[in-house]
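Data first, discussion second: the structure below is written as C-alpha cells.
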Amino acid sequence: MTNGDIWRNWPNARGDIQRRWTQLTANDLDMIGGDRERLVVRIVDRYGIAKEWAEKQVIQWESGES
C-alpha cells in the first residue's frame with residue numbers, strides 16, 4: 001500500500017493508526033478524517049511532542065517501519 005493509498009483508504013488505516021497512537025480517540029480519528037496534517041496535529045496535541053517528531057513518526061508509519 002502506497003502513502004496515497006493509505007489516505008484514500010482511510011477506513012482501513014484508522015485501525016492501524018489507533019493501534020500505533022493509542023492516545024488518539026475515536027473522536028480524534030473522526031476529526032482527522034484521512035487528512036495527514038490533521039493527524040500530525042492531533043499527535044502533537046495528545047502526546048505533547050514537537051511537530052517535527054510527529055511528522056517523523058507519521059513518515060515511519062507510512063513507510064511501514066515500526
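The values are calculated or read from the model by the stated rules, or taken from the named source; none is laboratory data. Because the structure is predicted, anything quoted here is derived from the model rather than measured. Cβ atoms come from the backbone with ideal geometry, glycine included; neighbour counts cover every protein chain shown. Keep in mind that these areas ignore ligands, DNA and RNA; they rest on the heavy atoms of the full protein, side chains included. Shrake-Rupley method; radii C 1.70, N 1.55, O 1.52, S 1.80 Å.
Within the range 53-66, residues that are over 19 Å from R8 (Cα atoms) reach partners that are polar (S, T, N, Q) and open to solvent by 30 Å² or more (accessible area, probe 1.4 Å) with beta carbons closer than 8 Å, at six or more positions or on different chains, in the pairs S66/Q60.
Taken together, the criteria exclude A50 from residues that are closer than 20 Å to N9 by Cα, of a type in the set (A, V, I, L, M) and surrounded by fewer than 14 Cβ atoms within 10 Å (Cβ to Cβ).
Which members of the range 24-40 meet the condition of being over 11 Å from the mean Cα position of the chain (by Cα) and open to solvent by 60 Å² or more (accessible area, probe 1.4 Å)? Write out each step before concluding.
Residues of the range 24-40 that are over 11 Å from the mean Cα position of the chain (by Cα), as a first pass: 25-27, 30-31.
Those that are over 11 Å from the mean Cα position of the chain (by Cα) and open to solvent by 60 Å² or more (accessible area, probe 1.4 Å): N27, D30, M31.
From the list I43, I6, the one residue that fits, being open to solvent by less than 50 Å² (accessible area, probe 1.4 Å), assigned to a helix (DSSP H, G or I) and at pLDDT below 95, is I6.
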